[in-house]
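So the structure is just underneath, and the comments pick up after that.
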Amino acid sequence: MYDMASVTDPQSDEPAEEPTPSRTKRLSTYGLVAVSVVALAVVIVGLTLPGPEPELTTAPPPSTEAPSSAAAPTENKVVDEPFDPKAPIPGCDTVEVPDEPTYSSRVTTGRPGYDNPKFPWFNGPKATAMSTALAQDLPAGAEIDFASPSASLVFQPISDFGDDDPTGTTNAYGSVSNGDARGGVQIAVQKSSRPIPPCVAGQLDERRSLPDGVVVDLQDTWREINGTRTNTRSASAYVPDGSWIYASSNDSVGNTGGQNSGRIPLTIDDLVRIAGDPRLRVTAAVTAGTPAPSQGCSGPSAFDSANGPAVTREQAKRLDRVLATIDFGGPSPGPLQLTDFSDDALCVSVPDAMGGATIDIAIAGGRTPPAEERPDPVSGAQKTRRVLQDGTVVQTLFANYAPALGPDGGDSRPQSANSVVVTRPGGTEITIRSSAVSPNSATPLERLESIALTPGLEL
């Protein structure tokens, strides 16, 4: 650590000292991670910087591409923005020289849920209230790009890593367009009892103190990997009530990297406004009756390769209007949303439809008609396949089964499931599946087929 008074005046005529090559500017410090999802097990590897700042282990927004077993490149040429470890930082009385970063990995299994008693400050309604506030904090004219709920700036469940100190972090990810600027946005909220960290060279460009006692660290930097430069800016807010709120935005577009717009959609002041919003804090009250967010869905073809063009928000709204004309014998379906693993498929679930059965709907483009399958006498399932006069292929499947009782218990009563897959000549695949637990019965195949063949239900 050194006193700012001993730093050479940046306006003097003395030549500036060259930045130390081994000390490069850390990019958004907390967001350098890799994630792998296999059989509902999540492995997160993150950069852990020295100092007492709250630890944040985050994951990037889920890819809309189908999971692949291909190994990622093991060697990348990485260049960070250089910095001067002796340069003054506005808002800081003293500046510490950074230590070398270290890496850590954490593993959690199972699908996280909103109502984990280990994190009493956070639940489904809280996530909805925070997500609504975040959307309102975006600048006028900015729009969240159409994506699945988990990639639409909706705060996600906290992953339980089995820590003794149940701080927990909820993250919201999404892509935002603001005029000709487009890029990723990440917001993280954590409950923490740790003190405000010291100012460390390369980890912030400015420290601001807000009127309500909130301290915000700001950084505007870049990182270049294999010749592709990504610009990123961030704001980390330390709130007196124990909240730690991290807001960042970059100019990265797409899921595979190397696609940058060149302009970050959110300014530093936008990020300060978001990080300082009292509605995002762990102690913020939630209005009674607020629902939990949608947990997303994945149609029966969710793990197929994405063959069709990306579905637009306008197409989804048009199909919503078609579904609104259908009698489901109970609640109407909510808005269609992109599936978790592809951007060419939509899905929605209709619970308690037609006598207590659940109906799941998936609509995808770019599909080819399935081949006729040989009967399987062992499964006991009844399958049919026929081709209509216009070339539409209709497949049906009926099955009764008794699920095995797993280690966590669960309902072992007999269940029934009916499904219809309609593949139109233009490549649209409509999958309608109904399931029910005894004594209820799945929606009849004839009714599911009628829904799937509704005129206009095509991409």
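Structure notes:
- Order of 453, 448 - criterion: other Cβ atoms within 10 Å of each residue's Cβ, fewest first: 453, 448
- Nonlocal amide H pairs with residue 251, under 5 Å, H built at 1.01 Å: 184, 231
- The string of couplings for region 449-458 from the Karplus curve (6.51, -1.76, 1.60, θ = phi - 60°) is 5, 4, 5, 5, 8, 4, x, x, 7, 9 Hz, one whole number per residue in order, with x for Gly and Pro.
- ³J(HN,Hα), Karplus 6.51/-1.76/1.60, whole Hz, each residue of region 239-249, x for Gly, Pro: 9, x, 7, x, 7, 10, 10, 10, 10, 9, 8
- Tensor-based shape of region 210-340 (alpha-carbon gyration tensor, a/c under 1.5 rounded, otherwise prolate or oblate): oblate
- Residue separation of residue 116 and residue 160 scaled by 0.36 nm, minus their Cα-Cα distance, works out to 15.0 nm of gained length.
- Shape call, region 313-452: gyration tensor on alpha carbons, a/c limit 1.5: oblate
- The residues neighbouring residue 189, those whose beta-carbon lies less than 12 Å from its own, together hold a net charge of +2 under the Lys/Arg +1, Asp/Glu -1 convention.
- FRET efficiency for the pair residue 372 and residue 312, taken as 1/(1 + (r/R0)^6) with r the Cβ-Cβ distance and R0 = 25 Å, rounds to 0.15.
- When region 137-248 is described by a simple charge dipole with +1 on each Lys and Arg Cβ and -1 on each Asp and Glu Cβ, the residue from 209, 225, 147 located farthest towards its positive end is 225.
- Inter-part distance, region 424-443 to region 162-193, computed on C-alpha centroids, equals 36 Å.
- Listed peptides 259-272, 324-337 by packing density, highest first (mean Cβ within 10 Å): 259-272, 324-337
Quick note: the coordinates plus some simple rules give every number you see, no bench work behind them. Fair warning: this is a prediction, and the values are worked out from it, not measured in the lab. Note that each Cβ is placed from the backbone with ideal geometry, even for glycine, and that neighbours are counted across all protein chains shown.
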